[in-house]
Amino acid sequence: MPAACESVLEDIEDIVSAEDLKPHDRQFVRRNVFPKVRKRNSQKKVQTDDEPPSDSIIPGVQKIWIRTWGCSHNNSDGEYMAGQLAAYGYKITDNSAEADLWLLNSCTVKNPAEDHFRNSIKKAQEEKKKVVLAGCVPQAQPRQEYLKGLSIIGVQQIDRVVEVVEETIKGHSVRLLGQKKDNGKRLGGARLDLPKIRKNPLIEIISINTGCLNACTYCKTKHARGDLASYPVEELVDRAKQSFQEGVCEIWLTSEDTGAYGRDIGTDLPTLLWKLVEVIPEGAMLRLGMTNPPYILEHLEEMAKILNHPRVYAFLHIPVQSASDSVLMDMKREYCVADFKQVVDFLKEKVPGITIATDIICGFPGETDEDFQETMKLVELYRFPSLFINQFYPRPGTPAAKMPQVPAAVKKQRTKDLSQLFHSYNPYDHKVGERQRVLVTEESFDSNYYVAHNPFYEQVLVPKDPLLMGKMVEVSIYEAGKHFMKGQPVSDAIVHTASISRPLAKGEVSGLTEDFRRSPQNGTNWKAQPSAEIPVRAQFSSWMALQLPLQQDRGGLKILSVSLALLAVLVMFYYGGMKTEL
């Protein structure tokens, strides 16, 4: 795709020449932009002020399609970018064909995810769409050939997405890949109080930290997310409070490794969790994200107490990856199989009924048949109800990619064997006939049921009764499958409403302050609306000026300085003229 310029930058202003407008100057000069006058057929629809001609390049009015791949952390980033763009006035659309710009938010964990990302870029170019790339793929390898000439927003720069989109629409290729720092110390990322559009208005995804402390030989995400950087406890608690005030009834804590939270800022995960449970209203729930064995080992007693809390799901995702110590050593996982078993055994004893989910990589370089059989025995022992099976893919630039590889046919067969073992048992059959308390949060993929989760974060399908959505209700389990149960609300069930306020509408922008919501627009008070109808570019510009670091407002400061200098000259000229007359 042709571009006016391309560079890897710490700051967007570096691409702008002396003659070009700075990103923060545009609000002062839009009055001088005159759209092309077009003759209209009287039978055609009259175009409104909010719908400029289709060939207009005025930023802030285009339609944007956002596609996200990967983990919940990536999904949270996508929600934040959608919220900022919608708050500024862009229309977020689910129809890729009608969009003017595609924002592609990538995942670098496995080859197939990057292949989908690459194919989407190619399709966008074929359809003559503007493209902005985000996520871990371009952050980790921005100089790949298929990324050439395209705009990139780094994983720690998502609060600058409006500026990158604006410049891309104007024909520039912009790349913001820098790290956020405070006095030289790396920060967790963009602010948590940015506007966002939740994919599910009932679920808030909070990234508690970015990066990790490990150096796994197969991991490409480390190249993108970097070393551990945690958000302060008080900021995370404030974000949770705000979410509940917007009708959220379930919070997911996510990161590359939640167990390592706080080690860089002098705190730890249990401290954060105890502060969070204090603000969770009755009927709402908290789900903890993935944690690696080494860090949870240090807090087993406290974690067991927290996972027994009535407003915390008794669920933990602990990736083991392999049951062979020699393979774990080659992976540089920093634990042995005995450590993993200690964590699982302790939690299963202290938290009755807890769900332990885990990950396994099949065919890691050097894995022998004996190594793989140890992994099969581990799965047979614990019969994990949730098991993520991954065939090994060598990721470019990782140490594992340079190791002697297991033949593809062997990797494929081991993946098949483990999958067959996993599907040989049904973890929920013994629960038929139970009465369970469940929280209803979404619709099933086939649209035939609502999806709820019981206290162990096991999936329960319930009837599609709109009165149940966002509520906690008691159900009777009448059927069980491999990945779910089905429940019917009991006649004497007490329905709990977790939300302390009305949930936001789907597509409505979250994170806007009351002052922002009440800002005058055309002489009236503006109320938050679904993203397709948000006419608030002027207010968002003011909000950006308050929220972004001062260093990002150099353009505005320059205008202010020039204006003051001109005013001083005029005053001197005026008083000089008066002295001459006297």
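Here are a few things to note about the model shown:
- In nm, spacing of pseudo-spin labels at ALA338 and GLU127 (7 Å Cα→C-beta vector): 5.6
- With a Cα cut-off of under 15 Å and a minimum spacing of 8 residues unless on different chains, the lysine pairs in region 200-425 number 10.
- Summed side-chain charge close to LEU192 - residues other than LEU192 whose Cβ falls under 9 Å, Lys, Arg +1, Asp, Glu -1: -1
- Using R0 = 35 Å, the C-beta based FRET efficiency linking ASN200 and ASN426 works out to 0.80.
- Calculated FRET efficiency for the pair LEU187/SER476, C-beta based, R₀ 41 Å, to 0.05: 0.25
- Based on Cα contacts under 8 Å between residues 6+ apart, region 200-425 shows a relative contact order of 18 percent.
- Going by accessible surface with a 1.4 Å probe and the largest first, LYS196, LYS130 read LYS130, LYS196.
- Here the relative contact order of region 430-497, from alpha carbon pairs under 8 Å that lie six or more residues apart, stands at 32 percent.
- Integer Hz, Karplus 6.51/-1.76/1.60 couplings in order for region 396-404, x for Gly and Pro: x, x, 9, x, 5, 5, 9, 7, x
- Integer Hz, Karplus 6.51/-1.76/1.60 couplings in order for region 134-145, x for Gly and Pro: 9, x, 7, 5, x, 5, 7, 9, x, 9, 5, 4
- The magnitude of the dipole of region 430-497, with charges of +1 and -1 set on the Cβ of Lys/Arg and Asp/Glu and taken from the Cα centre, is near 120 debye.
- Dmax and Rg, reported as Rg then Dmax, of region 200-425 (C-alpha, Å): 18.3, 53
- Converting phi to 3J(HN,Hα) with the Karplus coefficients 6.51, -1.76 and 1.60 and the offset θ = phi - 60°, region 57-66 yields 10, 6, x, x, 10, 7, 9, 10, 9, 10 Hz in sequence order, with x at every glycine or proline.
- Using a probe of 1.4 angstrom and keeping all protein chains present, the accessible surface of region 59-178 works out to 30 square angstrom per residue.
- Taking amide H as placed 1.01 Å from N in the peptide plane, the amide H of THR217 sits under 5 Å from that of LYS332, each at least 5 places away or on another chain.
- Pairs of Cα atoms farther than 18 Å apart, region 430-497, %: 24
- Stretchable slack from ASP115 to THR271, in nm (0.36 nm times residue separation minus alpha-carbon distance): 52.2 nm
- Isotropic mean projected area of the C-alpha convex hull, region 59-178 (nm²): 6.4
- Computed extension length for ARG435-ALA505: 22.1 nm, one decimal, from 0.36 nm per residue of separation with the Cα-Cα distance subtracted.
- As a calculated quantity, the FRET efficiency between LYS377 and PHE484 at R0 = 25 Å, using C-beta atoms, amounts to about 0.40.
- The Cβ shell under 12 Å around MET290 holds other residues with a net charge of -2, Lys and Arg each +1, Asp and Glu each -1.
- Net charge of the neighbourhood of ASP94, taken over other residues with C-beta under 14 Å away and scored Lys/Arg +1, Asp/Glu -1, is +4.
- Between THR398 and GLU302, the simple label model (points 7 Å from Cα in the Cβ direction) yields a spacing of 3.1 nm.
- Ordering of 254-262, 66-74, 389-397 by burial proxy (mean other Cβ atoms within 10 Å per residue, highest first): 254-262, 66-74, 389-397
- Built amide H within the under 5 Å cut-off of THR93, gap 5+: ILE64, TRP65, ILE66
- For the pair ASN95 and ARG67 in one chain, pulling the backbone fully straight at 0.36 nm per residue adds 9.0 nm over the alpha carbon distance.
The values are calculated or read from the model by the stated rules, or taken from the named source; none is laboratory data. The structure displayed is predicted, hence computed values, not measured ones. Cβ: placed from backbone, ideal geometry, glycine included. Neighbour counts: every protein chain shown. With ligands, DNA and RNA removed, areas are computed over all heavy atoms of the protein, side chains included. Shrake-Rupley method; radii C 1.70, N 1.55, O 1.52, S 1.80 Å.
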